[in-house]
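The block underneath contains the structure these notes are about, expressed in structure tokens.
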Amino acid sequence: MIVLFTDFGLKGPYMGQMRARIHELAPKETVVDLMTDAPAFNVGTSARLLAGLIDHMPKKAVFVCVVDPGVGSSRKPLCIRIKERWFVGPDNGLFQFVLKNEPDAVAYVIDWRPEHLSLSFHGRDLFGPVAAKLATEQEVAMTILPLDQLVILEEEQNHYAIAHIDDFGNCWVSIRDFEISKEATIVIKNHHFFYSAVFSDTEKGKPFWYINSSGFVEIAVNQGDAAGRFNLTIGDRVNFI
């Protein structure tokens, strides 16, 4: 299985072009869109989101992960092997939390290049094809890169934030369940949110935070729109006390 995690969105040709290239090289592989709307250009928040979302994915999947505002620059293209999984994407900190507590992981710089490599679309021309080759056990030219040479998120990128807003207006926060106590108060834009286990434990119209089915903190209003009510947007910084 090839799993896609990107900030491309569904408008325009980008996802279709990348999926078509993958299908051309690995026509028998199942391709799953894990997320097409990761926080755009926001590597730090996307990195935290990616690390949590892979928990429910197959153990032998190949992940194509593209949140890559530095595409076309000197940043390295990577393959990372963690147990039976592969991760393919840019060396910009996107895999920082995936790699946490994985001392046996192995990172590689991708040396292989296609006949045509656009400056601005490595998802279609490089990362997608490499993932297809790995999924079908084809050789890919690559060089080992020590883990301590990988790019680390800069301080301003490494903070908690709203990472996703669903169609109900519920706001996923890049805080994992093991990082917070149920006694904590979530603070966003001077709004305070208190814990409740689930929607049915709260009164209609009441705001609260809970741990969602993917193990992330989520801000919600019972039968309401938390994002709209509190003017919350993706990338808003989040603290807890």
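The values are calculated or read from the model by the stated rules, or taken from the named source; none is laboratory data. Everything numeric here is computed off the predicted structure, so don't read it as measured data. Heads up, the Cβs are rebuilt from the backbone with ideal geometry, glycines too, and the neighbour counts pull from every protein chain shown. These area figures cover heavy atoms from the full protein model, side chains too; ligands, DNA and RNA do not enter into them. Shrake-Rupley method; radii C 1.70, N 1.55, O 1.52, S 1.80 Å.
When only residues in segment 5-52 that are assigned to a loop (DSSP other than H, G, I, E, B) and among the aliphatic types (A, V, I, L, M) count, which is nearest to L134 (Cα to Cα)? So the residue we want is A26. In the set T30, T45, only one residue is over 26 Å from E179 (Cβ atoms) and of a type in the set (S, T, N, Q); that residue is T30.
Picking from residues in segment 84-110 that are over 18 Å from V64 (Cβ atoms) and charged (D, E, K, R), the one that is surrounded by the fewest Cβ atoms within 10 Å (Cβ to Cβ) is D104. The residue that is farthest from E156 (Cα to Cα), counting only those in segment 72-93 that are out of contact with any strand residue (DSSP E or B) (no Cβ under 7 Å at 6 or more places or on another chain) and not in a strand (DSSP E or B), is E84. Return yes when V106 is closer than 18 Å to R19 by Cα, more than 16 Å from the chain's Cα centre (by Cα), among the β-branched types (V, I, T) and modelled with pLDDT of 95 or more and no when it is not. Taking the combined requirement at face value, the residue does not satisfy it. One residue stands out among those in segment 35-56 that are under 15 Å from D166 (Cβ atoms) and either charged (D, E, K, R) or touching a helix residue (DSSP H, G or I) at 6+ places or on another chain (Cβ under 7 Å) (or both): the one that is surrounded by the most Cβ atoms within 10 Å (Cβ to Cβ), which is A38.
Within segment 70-83, restricting attention to residues that are touching a residue at least 40 places away in the same chain (Cβ under 8 Å) and open to solvent by less than 30 Å² (accessible area, probe 1.4 Å), the residue that is nearest to A135 (Cα to Cα) is C79. Here L134 meets the list (1) closer than 21 Å to T6 by Cβ; (2) at pLDDT 95 or above; (3) within 18 Å of the chain's Cα centre (by Cα) almost entirely, failing just condition (3). The single condition among (1) touching a helix residue (DSSP H, G or I) at 6+ places or on another chain (Cβ under 6 Å); (2) under 20 Å from G16 (Cβ atoms) that N158 does not meet is (2). Among the residues of segment 224-235, is there at least one that is under 21 Å from D55 (Cβ atoms), under 25 Å from the mean Cα position of the chain (by Cα) and modelled with pLDDT of 95 or more? No, that holds for no residue. How about segment 126-155: which of its residues are among the charged types (D, E, K, R) and either more than 19 Å from T30 (Cα to Cα) or in contact with a helix residue (DSSP H, G or I) (Cβ under 6 Å, 6 or more places away or on another chain) (or both)? Correct list: E139, D148, E154, E155.
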